[in-house]
1. If residue 155 satisfies every condition in (1) assigned to a loop (DSSP other than H, G, I, E, B); (2) aromatic (Phe, Trp, Tyr); (3) surrounded by 14 or more Cβ atoms within 10 Å (Cβ to Cβ); (4) out of contact with any strand residue (DSSP E or B) (no Cβ under 8 Å at 6 or more places or on another chain) but one, which is the exception?
2. Within the stretch 129-149, is there a residue that is more than 15 Å from residue 208 (Cα to Cα) and within 16 Å of the chain's Cα centre (by Cα)?
3. Got at least one residue in the stretch 128-142 being open to solvent by less than 50 Å² (accessible area, probe 1.4 Å), of a type outside the set (S, T, N, Q) and without any contact (Cβ under 8 Å) to a residue 60 or more places away in the chain?
4. In this structure, is residue 164 more than 14 Å from residue 40 (Cβ to Cβ), in contact (Cβ under 8 Å) with a residue 24 or more places away in the chain and of a type in the set (D, E, K, R)?
5. For residue 185, indicate whether it is modelled with pLDDT of 95 or more, touching an Asp or Glu at 6+ places or on another chain (Cβ under 9 Å), part of a helix (DSSP H, G or I) and among the hydrophobic types (A, V, I, L, M, F, W, C).
6. Are any residues in the stretch 188-217 of a type outside the set (A, V, I, L, M), assigned to a strand (DSSP E or B) and either within 14 Å of residue 171 (Cβ to Cβ) or in contact with a helix residue (DSSP H, G or I) (Cβ under 8 Å, 6 or more places away or on another chain) (or both), and if so, which ones?
7. In this structure, does residue 180 turn out to be modelled with pLDDT of 90 or more, within 27 Å of residue 44 (Cβ to Cβ) and either surrounded by 13 or more Cβ atoms within 10 Å (Cβ to Cβ) or under 16 Å from the mean Cα position of the chain (by Cα) (or both)?
8. Can residue 116 be described as touching a residue at least 24 places away in the same chain (Cβ under 8 Å), touching a helix residue (DSSP H, G or I) at 6+ places or on another chain (Cβ under 7 Å) and either surrounded by 14 or more Cβ atoms within 10 Å (Cβ to Cβ) or under 25 Å from residue 213 (Cα atoms) (or both)?
Amino acid sequence: MVRRFISKHSFLFLFIIFALAISSCSNNVPELGNSRLSVVFDYNSLDELPKARLSVFVESVSNPRRFDTITVSSNQNEYVWQASDLILAADADKTYCGVTNFVMPANQKIPSGEYTILFRQADDEQTEIKRILSYDKSLYETKGSDVPQVMKKFYSSRMLTIYDESKKIIYYGPRTSELLDARGIWNNYREAAEFQESWINQSGTIICNLPVEKVEPGN
C-alpha cells in the first residue's frame, strides 16, 4: 500500500547549502539538471538522538516558477511524498528547486535505494528523474556530542551558519579559528544573534545540524 505524506518546508533552515535567489528562462516542458537527495539530521540537544528528514533539490534548467508540485517516491518501500510549497534557491549561476523536510512515520528510517522524482507544472507538463540514495543509518543512534567524531569518518566539512535577530542568514561557511565560540562570532559579526554548527559529508547526502546556540559573548 502506498503511503503519502504532505509536508511544508522550513523557512529557518532554507537549505543552507544555497543562497536565496531566482533566475528565469522559459520553456513548456520542465527541464532538470543535477539533483541531490540528502538526509538531514537535526539535533535539539547534544545529549539527544536526532530527528531525520529528507531533502530533495534539483537543478532547474527551465523557469522554476512554473513548477507546481514535486512527488518523490521510494522505489523500494512504496513511500510517496508530495509537496506544492517549493523552495527556489540559487548557487552562483545555477537555480534549484526542491523541498527540505519530507519525513517518515514514527520509528521508521528514510529508505536507501532508488528514488523517483517527478516535477509537475501548473499546465500538467511533467518531468521524471531517478536517483540513488545511500547513507549510514547508524546516525539515527548517534548523539549530538558524537557527531564530529562520526562525521570525520565520512570526510565531512565543519560548517557554520550565523543568524541575526530576524533569523536572516548573515554568514554561512567554514567554522574557522576566528569563529570557534560566541565571543569570536560577536567580534566578527556584531549583528549576530544565533549560530549553528553543521557537518556535511563529502557527497552532500548527509547533513547533521547541531543545536542552535545564542550569541552571548559575555558568558
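The values are calculated or read from the model by the stated rules, or taken from the named source; none is laboratory data. Remember, predicted model here, so these are calculated numbers, not experimental data. A quick note on method: Cβ atoms are made from the backbone with ideal geometry, for glycine too, and the neighbour counts reach across all protein chains shown. To get the accessible areas, we keep the full protein, side chains included, count just its heavy atoms, and leave off ligands, DNA and RNA. Shrake-Rupley method; radii C 1.70, N 1.55, O 1.52, S 1.80 Å.
1. (3)
2. yes
3. Scanning the stretch 128-142 turns up no residue that is open to solvent by less than 50 Å² (accessible area, probe 1.4 Å), of a type outside the set (S, T, N, Q) and without any contact (Cβ under 8 Å) to a residue 60 or more places away in the chain.
4. When the stated conditions are applied, residue 164 passes them.
5. The answer is yes for residue 185.
6. 194, 195, 196, 197, 198, 199, 208, 213, 214, listed by residue number.
7. Here the answer is no, as residue 180 does not meet what is asked.
8. No: the conditions fail for residue 116.
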